[in-house]
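Engineer: A single structure is presented below for examination.
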Protein chains: 2
Amino acid sequence: MRIGELARRTGVTTRALRYYEEQNLLTAERSASGQRHYAETAVDRIHLIRQLYAAGLSSKTIAELTPCVIDGKATPELLQRLATERDHLDRHIADLAQTRDRLDSVIDGASSNMQTGAPCPRDASA
Amino acid sequence: MRIGELARRTGVTTRALRYYEEQNLLTAERSASGQRHYAETAVDRIHLIRQLYAAGLSSKTIAELTPCVIDGKATPELLQRLATERDHLDRHIADLAQTRDRLDSVIDGASSNMQTGAPCPRDASA
DNA sequence: GTAAAACTTGACGTTGACGTCAAAGGCAAA
DNA sequence: TTTGCCTTTGACGTCAACGTCAAGTTTTAC
């Protein structure tokens, strides 16, 4: 498939796909005229890339780790990198959960204040 | 306390603290000569701000929500905003957990490959 | 065969959260 | 009083992950 179809099927722009290639996150065959052609596996690859981006990894980190993730093979150093990233992610998730809980308690507090008719700093007229 | 001490005690730079003030996330008393002076509560406030940043909120969003979080009071609209952000956060956490699990299985796969002596693309010499 | 759509590279623009000087004034210790 | 760190505002720099033209080529549709 060509770049437009891959973009449609993954929901990322063609600009982003070319950027990923530039960052060595993605490779493509080229037709005689120079157009990119992708295999079906590229769709999953893009999803993986997006997932790692969402996990807070940089393109540089992703570029270093993806051969390992794709092939399931790694040097001890890469394996260590992966474990480190996993731990960072785990910590991050825990922090976010704490933030969510804090938001929850804020929402609870604000709701009960509203039910008891407590005044609001943004609307102290009533 | 002055800005330097607040920076040391919170681990954020003075530049960031001034930036937070510029974005209306933080206020400070001013001495006659114009220097900023902060109350003890500022330390917690900074931690809250950092926490919300880590949750993926923008300075604009934080500026809109923090009076509510600080005071525990809100208009219905603010409450709705909070609930929306909470849901986004919840979804984000779930996505990250999925990514973490994927990393876990990658690490497992790579580890077993190594134990069985499977070759690595980065070190195919052995 | 031709027009529209898709593709190419190249290059400059954008945004958020600061970093990094610079030039000036403020403040506590010796 | 002078030394030396602290603080002030202002303004330009940075970095990642793209957005957005531009100008030209290729493929597709009729």
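The values are calculated or read from the model by the stated rules, or taken from the named source; none is laboratory data. All of these numbers come straight from a predicted model, not from anything done at the bench. A quick note on method: Cβ atoms are made from the backbone with ideal geometry, for glycine too, and the neighbour counts reach across all protein chains shown. When the accessible area is computed, the model is the full protein with side chains, heavy atoms only, and any ligands, DNA or RNA have been set aside. Shrake-Rupley method; radii C 1.70, N 1.55, O 1.52, S 1.80 Å.
Engineer: Restricting the search to the stretch B:1-45, which residues are closer than 26 Å to residue B:84 by Cβ, more than 10 Å from DNA strand C (Cβ to nearest atom) and assigned to a helix (DSSP H, G or I)?
Structural biologist: Listed by number, the residues that qualify are B:44, B:45.
Engineer: Tell me, please, whether a residue that is within 20 Å of residue A:109 (Cα to Cα), modelled with pLDDT of 90 or more and out of contact with any His (no Cβ under 9 Å at 6 or more places or on another chain) can be found in the stretch B:94-110.
Structural biologist: Step one: list which residues in the stretch B:94-110 are within 20 Å of residue A:109 (Cα to Cα), which gives none.
No: zero hits.
Engineer: Related question: Looking at A:77, A:64, A:85, which one is within 12 Å of chain B (Cβ to nearest Cβ), surrounded by 14 or more Cβ atoms within 10 Å (Cβ to Cβ) and over 21 Å from residue B:97 (Cα atoms)? Before you say what the answer is, go through the steps one by one.
Structural biologist: Working: A:77 fails: surrounded by 14 or more Cβ atoms within 10 Å (Cβ to Cβ); A:85 fails: over 21 Å from residue B:97 (Cα atoms).
None of the other options fit; the residue is A:64.
Engineer: Oh, and also: Keeping to the stretch A:2-44, report how many residues are open to solvent by 100 Å² or more (accessible area, probe 1.4 Å), near DNA strand D (Cβ under 9 Å from one of its atoms) and either within 14 Å of chain B (Cβ to nearest Cβ) or touching a Gly at 6+ places or on another chain (Cβ under 9 Å) (or both).
Structural biologist: 0
Engineer: Let me ask something else. For residue B:57, only one of the following conditions fails: (1) more than 16 Å from the chain's Cα centre (by Cα); (2) assigned to a loop (DSSP other than H, G, I, E, B); (3) more than 14 Å from DNA strand D (Cβ to nearest atom). What is its number?
Structural biologist: Tallying (1) more than 16 Å from the chain's Cα centre (by Cα); (2) assigned to a loop (DSSP other than H, G, I, E, B); (3) more than 14 Å from DNA strand D (Cβ to nearest atom), residue B:57 fails exactly one: (1).
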